[in-house]
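In what follows, a structure is listed as structure tokens, so that the remarks can point back to it.
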There are 2 protein chains.
Amino acid sequence: MRKVTVELGDRAYDILIDHHSLSKIGLELSKRVQPSQVAVVSDETVAALYSEQVLRSLDKVGIKATRITFPAGEKSKSLVEYGRLIDRMIERGIDRKSAVIALGGGVTGDLAGFASACYMRGISYVQAPTSLLAMVDSSVGGKTGIDHPLAKNLIGAFYQPRLVFADTATLDTLPAVEFHSGMAEAIKHGVIRDSGYFSFIENNREAILNRDPEVMEYLIAKSCQIKAEVVGADEREAGFRAILNFGHTAGHAIEALTNYKGYRHGEAVSVGMVIASQIAREVCGFSKEETARLRDVLNQVKLPTTLAAAPELSAESILKAMYSDKKTEGGTLRFVLPVRIGETQIVQVTDEALIKSAIESVSY
Amino acid sequence: MRKVTVELGDRAYDILIDHHSLSKIGLELSKRVQPSQVAVVSDETVAALYSEQVLRSLDKVGIKATRITFPAGEKSKSLVEYGRLIDRMIERGIDRKSAVIALGGGVTGDLAGFASACYMRGISYVQAPTSLLAMVDSSVGGKTGIDHPLAKNLIGAFYQPRLVFADTATLDTLPAVEFHSGMAEAIKHGVIRDSGYFSFIENNREAILNRDPEVMEYLIAKSCQIKAEVVGADEREAGFRAILNFGHTAGHAIEALTNYKGYRHGEAVSVGMVIASQIAREVCGFSKEETARLRDVLNQVKLPTTLAAAPELSAESILKAMYSDKKTEGGTLRFVLPVRIGETQIVQVTDEALIKSAIESVSY
């Protein structure tokens with residue numbers, strides 16, 4: 001078992017990463033949270049695979065538990081589904097001393113985390129991520145929320161879990177495309193903060209694609225450690241935390257323009273990182289060699305590095321979509337740009353020709 | 001102008017209390033918050049009375065502002081109305097750097113405060129209370145939220161405003177019953193923390209009923225100061241903050257059993273304080289004389305001290321409703337009980353006969 005701590009004063013919490021550990025989640029909860037009762041919240045797909053294990057584990061330590069499910073998919077991050085989840089929590093008698101386990105991927109963590117944040121003005125919750133994206137990224141840092149028809153994650157809260165409990169064995173049932181998508185955030189962590197970690201991914205690409213338990217355990221711990229450092233320094237994204245948005249400025253635009261269907265989040269971020277690295281070559285002297293290394297490692301873990309899946313997207317339309325993102329400030333685009341692998345800067349870029357040319361370098 | 005500061009570290013904020021000050025709210029916002037834009041949120045009744053003043057004041061300092069209204073009444077503290085408010089905030093272009101002014105009573109503060117808490121994971125908001133209840137109580141302390149059909153304030157957040165801005169001139173348009181209801185919380189503050197303040201209310205009851213500006217300004221500042229001290233010591237109601245619940249254990253039960261129609265919140269709290277003081281006589285030696293002083297001052301500000309308005313309520317039914325309140329812990333009732341005026345204890349009371357007899361002393 002590997003342990004990473006997110007240092008946030010009286011809201012500090014541990015991330016525990018281990019293989020075949022889901023059967024021990026009850027024991028950890030009884031030690032750390034001592035809830036009066038637990039709601040195990042997951043989508044129907046994940047519930048069918050893993051909720052029995054979790055319920056048994058809670059039962060073993062004498063914690064009363066109830067399962068609440070919702071339909072799988074991003075569509076469940078809605079105000080309607082949120083209200084339904086709250087209804088069920090009341091029906092099942094969840095009270096101030098109860099806890100929620102968000103068992104699943106990013107959607108589950110966001111929805112169940114936000115319900116926990118606001119139920120009786122905040123009850124304990126535990127993230128039990130079962131997707132690679134959730135393990136390396138979304139389960140850590142306390143961002144919770146739901147979508148609005150006009151904007152993703154528009155309604156939400158910063159609310160930290162009491163524990164993140166990742167069983168790497170759950171990756172075995174993850175569809176390949178989801179696995180690859182999760183790798184985009186891991187590679188991002190290497191680029192923004194840790195060249196050694198980036199090299200580790202380059203050198204272990206085969207083991208990673210085979211989901212080798214030991215390699216994955218190290219990888220997840222390393223990503224969590226980097227994210228924990230960043231979140232610990234800037235919990236509410238006042239400044240520094242923005243470096244986690246490397247690849248996301250263009251990535252979000254690509255996702256939005258393809259109606260969240262053309263590219264998965266990690267896939268769009270992958271293309272976005274290539275676009276950012278092209279801009280960085282001009283703006284921060286990011287080298288041609290490292291640009292190539294980034295593109296190569298993305299390709300090696302089966303991530304797209306071009307807009308081949310959306311040839312209809314023009315550089316102009318992507319540029320326009322970037323301006324309408326909620327992260328724009330005062331009408332200027334801000335990019336997280338690598339100086340070299342392991343080090344980034346946040347730069348306001350006003351040269352639209354440069355941005356368009358970077359987008360065109362990945363266009364079809 | 002009187003100023004009270006709520007000491008909450010980097011979330012500290014001022015409460016400004018003054019007569020005919022609404023025309024200066026723009027100036028204070030431009031100094032303290034510098035929002036890119038402001039949404040002035042109020043119910044239709046208050047909007048008709050005061051929103052123009054606020055919009056003009058913002059316009060005068062060059063802050064772009066937009067008015068958003070919702071139907072008056074507790075019914076608007078719903079997930080549906082919450083969603084509508086968020087929709088309108090998006091339509092009007094509210095962004096991360098914008099602020100919300102919650103202009104109105106407790107419902108407005110709770111609803112608009114909760115929208116601010118979750119919009120883009122939290123934007124600035126200002127409480128501009130226009131009811132006495134909101135001025136002395138609900139606008140201070142950061143409790144925001146909406147109701148669920150099964151429980152009041154079930155969905156919400158602790159989220160502090162950037163400023164509380166109370167114009168005591170707005171009390172002139174407050175219906176008398178609402179004014180009296182607000183006095184219950186002021187009297188509560190005297191009982192739990194400050195016998196001098198309690199005496200001030202006793203000695204100034206005529207001026208209070210006449211809504212004398214100077215007396216009301218002092219009273220509101222004093223109540224805010226007491227609430228600010230309590231909230232500053234225990235923001236998230238881990239323990240000490242519970243003393244603010246004096247009169248609320250029975251009060252909530254009476255409100256719930258009369259479907260929030262028989263008694264206004266302050267009226268139910270008034271009866272609840274009398275019940276608690278009866279229990280305190282047995283449990284903490286609260287004197288007969290001070291019990292009478294409390295009942296007298298409540299009557300003098302036209303608050304009920306009996307269940308005359310709900311003769312159908314039995315002591316048994318009130319006892320049962322108290323047990324189902326969300327503040328019950330481990331099946332035991334906890335009461336905030338005065339030892340003497342100005343000093344309270346939190347006591348677990350298991351003697352049901354004693355509680356019933358206290359309720360019967362106010363029954364009809």
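The values are calculated or read from the model by the stated rules, or taken from the named source; none is laboratory data. Being a predicted model, the structure only gives us computed values, none of them experimental. Using ideal geometry, Cβ is built from the backbone for each residue, glycine included, and neighbour counts are taken over all protein chains shown. Side chains are part of the model used for accessible areas, which takes the heavy atoms of the whole protein and leaves out ligands, DNA and RNA. Shrake-Rupley method; radii C 1.70, N 1.55, O 1.52, S 1.80 Å.
Below is a table of values for the structure above.
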{"read-out": "Set B:I101, B:I15, B:I94, B:I25: member being open to solvent by less than 10 Å² (accessible area, probe 1.4 Å), assigned to a loop (DSSP other than H, G, I, E, B), touching a residue at least 12 places away in the same chain (Cβ under 8 Å) and closer than 23 Å to B:G142 by Cβ", "value": "B:I94"}
{"read-out": "Considering residues of the range A:118-129 that are at the interface with chain B (Cβ under 8 Å from one of its Cβ atoms) and open to solvent by less than 10 Å² (accessible area, probe 1.4 Å) only, the residue farthest from A:I155 (Cα to Cα)", "value": "A:Y119"}
{"read-out": "Matching helices (runs of 4 or more DSSP H) fully within the range B:194-295 where at least 3 residues are within 26 Å of B:A166 (Cα to Cα)", "value": "B:195-203, B:205-209, B:213-233, B:265-283"}
{"read-out": "Near pairs, Cβ below 8 angstrom, 6+ apart or cross-chain, from the range A:53-69 (free of Cβ contacts under 8 Å to residues at least 24 places away in the same chain) to any residue that is of a type in the set (D, E, K, R)", "value": "A:L55/A:R67"}
{"read-out": "Of all residues in the range B:45-84 being within 22 Å of the chain's Cα centre (by Cα) and within 11 Å of chain A (Cβ to nearest Cβ), the one that is least open to solvent (accessible area, probe 1.4 Å)", "value": "B:Y82"}
{"read-out": "Filtered residues of the range A:296-325 (kept if closer than 22 Å to A:N153 by Cβ, part of a loop (DSSP other than H, G, I, E, B) and within 21 Å of the chain's Cα centre (by Cα))", "value": "A:D325"}
{"read-out": "Residue among B:P175, B:P161 that alone is without any contact (Cβ under 8 Å) to a residue 60 or more places away in the chain and more than 14 Å from chain A (Cβ to nearest Cβ)", "value": "B:P175"}
{"read-out": "Residue count for the range B:132-187, restricted to those that are polar (S, T, N, Q) and more than 17 Å from B:D43 (Cα to Cα)", "value": "4"}
{"read-out": "The listed residue being open to solvent by 30 Å² or more (accessible area, probe 1.4 Å), β-branched (V, I, T) and out of contact with any His (no Cβ under 7 Å at 6 or more places or on another chain), out of B:V297, B:V283, B:V347", "value": "B:V283"}
{"read-out": "Residue ID - modelled with the highest pLDDT, chosen from residues in the range A:326-344 that are open to solvent by 40 Å² or more (accessible area, probe 1.4 Å) and in a loop (DSSP other than H, G, I, E, B)", "value": "A:G331"}
{"read-out": "Scan of the range A:303-325 for residues that are within 14 Å of chain B (Cβ to nearest Cβ) and either at pLDDT 95 or above or loosely packed, with under 14 Cβ neighbours inside 10 Å (or both), ordered by number", "value": "A:Y323, A:S324"}
{"read-out": "Residue satisfying condition, being closer than 30 Å to A:E28 by Cα, in contact with a helix residue (DSSP H, G or I) (Cβ under 8 Å, 6 or more places away or on another chain) and surrounded by fewer than 18 Cβ atoms within 10 Å (Cβ to Cβ), within set A:D234, A:D167, A:D212", "value": "A:D234"}
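Listed here are the residues, each with its yes/no results for (1) of a type in the set (K, R); (2) over 24 Å from B:V177 (Cα atoms).
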{"residue": "B:K261", "(1), (2)": "yes, no"}
{"residue": "B:V274", "(1), (2)": "no, no"}
{"residue": "B:Q278", "(1), (2)": "no, yes"}
{"residue": "B:E282", "(1), (2)": "no, yes"}
{"residue": "B:E290", "(1), (2)": "no, yes"}
{"residue": "B:L294", "(1), (2)": "no, no"}
{"residue": "B:N299", "(1), (2)": "no, no"}
{"residue": "B:T306", "(1), (2)": "no, no"}
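One line per residue, one yes/no per condition, for (1) under 23 Å from B:I254 (Cβ atoms); (2) among the hydrophobic types (A, V, I, L, M, F, W, C):
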| site | (1), (2) |
| --- | --- |
| B:L171 | no, yes |
| B:L174 | yes, yes |
| B:E178 | yes, no |
| B:G182 | yes, no |
| B:R205 | no, no |
